[in-house]
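The values are calculated or read from the model by the stated rules, or taken from the named source; none is laboratory data. Quick caveat, the model's predicted, so the values are computed rather than measured. Here the Cβ is made from the backbone with ideal geometry for all residues, glycine too, and neighbour counts use every protein chain on show.
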Amino acid sequence: MRWSGPRFHPDRRWRSRDGLDERRQPARALLVALVLASVSVITLDYHGGADSPVEPARRAVGEVFGPIESGTSAALRPITGIPGWFTSKNDLHEQVIALQSENARLRSDAARAGYDKNRLAEYDGLTAAAKSLGSALVPARVIAMGPSQSFSRTVMIDAGSDSGVHPDQTVLNDDGLVGRVLRVTRSTATVLLIADGDSVVGGRIGDSLKLGMARGSGEIGSHARLDLELVDAADIPPKGSAVLTWGSEGGAPYVSGVPIGTVTNVYASLRDTSTRIAIRPYVDFGALDVVGVVVPSGTRSDRAVIEADGSLQ
């Protein structure tokens with residue numbers, strides 16, 4: 001029986017390896033050539049700059065892929081910018097809050113500017129009044145108006161017995177006479193306004209020195225008035241004459257020389273031969289703020305006292 005299968009050739013294995021080596025040699029040569037070409041191109045591109053031989057190819061690639069890259073970047077920008085958008089929004093919100101706070105502070109300062117200016121002027125007026133009267137003053141602020149149900153015209157001030165304030169002391173401001181102290185607590189005092197219907201103040205015409213009694217009408221604000229009845233009804237003061245306090249014994253409840261108001265009208269009655277003189281107060285009782293209470297010089301107080309020479313004690 002004859003063997004018909006493939007015959008083993010003792011050199012077949014070596015021929016196969018040689019053939020494989022022969023097939024691999026061109027591939028290696030191509031790889032080495034590509035590497036050398038790449039190195040040469042990189043060297044030429046590095047030294048050539050704008051005149052590089054690969055510049056046309058680079059430009060062509062950029063023209064093809066540049067729009068694609070730009071479009072992709074534009075499409076992804078809303079997504080990649082989300083964290084920065086939230087950060088920017090938070091920063092903007094904080095800036096808005098800061099600006100609103102600053103604007104509110106500026107508005108408050110502007111609103112208080114006139115108020116502070118007026119208050120400073122009133123304190124300066126009290127200093128001038130103390131020098132003019134030769135009396136010491138305890139400065140105070142009006143903190144409340146008396147209830148209208150009481151049918152009296154009173155105000156409450158923030159100075160009491162701890163500040164050296166006592167009943168039957170004169171109260172004034174930089175415009176003129178306000179009233180007298182009615183009652184006190186340790187930290188507050190109630191002041192009866194000269195506009196009250198039960199208030200009676202001894203007045204003197206500034207030019208003639210004629211004496212009379214000024215009574216309140218109970219009206220305050222633009223309608224406030226006092227009625228002055230002179231001791232000698234035959235003396236008729238001219239309109240515009242100033243009326244000042246003539247003073248009480250011991251300066252209580254009123255010290256002398258405090259401006260009360262100005263004569264506006266004179267009413268004569270032929271029936272009872274009497275004369276009523278209308279006085280417009282210098283003080284605006286509807287806008288009281290800083291006042292001064294006349295106290296003896298050297299009074300011990302829990303606050304600075306304006307002395308007669310204008311100094312603070």
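Annotations for the structure displayed:
- Conditions (1) modelled with pLDDT of 90 or more; (2) surrounded by fewer than 13 Cβ atoms within 10 Å (Cβ to Cβ); (3) under 39 Å from the mean Cα position of the chain (by Cα): number failed by GLY286: (1)
- So SER217, is it polar (S, T, N, Q), under 19 Å from GLY286 (Cβ atoms) and surrounded by fewer than 19 Cβ atoms within 10 Å (Cβ to Cβ): yes
- Just one residue in the set ALA144, ALA136, ALA130 is surrounded by fewer than 19 Cβ atoms within 10 Å (Cβ to Cβ) and over 19 Å from VAL201 (Cβ atoms); that residue is ALA144.
- Residue that is nearest to the chain's Cα centre (by Cα) [pool: residues in region 237-248 that are at negative phi and surrounded by fewer than 16 Cβ atoms within 10 Å (Cβ to Cβ)]: LYS239
- Filter result for TYR254 (modelled with pLDDT of 85 or more and of a type in the set (Phe, Trp, Tyr)): yes
- The set of residues from region 249-267 being of a type in the set (Val, Ile, Thr) and crowded, with 19+ Cβ neighbours inside 10 Å comprises VAL255, VAL258, ILE260, VAL263.
- Close Cβ contacts (under 9 Å, 6 or more residues apart or on different chains) running from residues in region 290-313 that are under 14 Å from ALA129 (Cα atoms) and touching a residue at least 12 places away in the same chain (Cβ under 8 Å) to residues that are aromatic (Phe, Trp, Tyr) and assigned to a loop (DSSP other than H, G, I, E, B) comprise VAL294/TYR254.
- Residue under evaluation ILE194, criteria (1) closer than 23 Å to ALA140 by Cα; (2) modelled with pLDDT under 90; (3) in contact with a strand residue (DSSP E or B) (Cβ under 6 Å, 6 or more places away or on another chain), criterion not met: (2)
- When region 164-194 is filtered for residues that are under 16 Å from ALA144 (Cα atoms), assigned to a strand (DSSP E or B) and among the polar types (S, T, N, Q), only THR190 remains.
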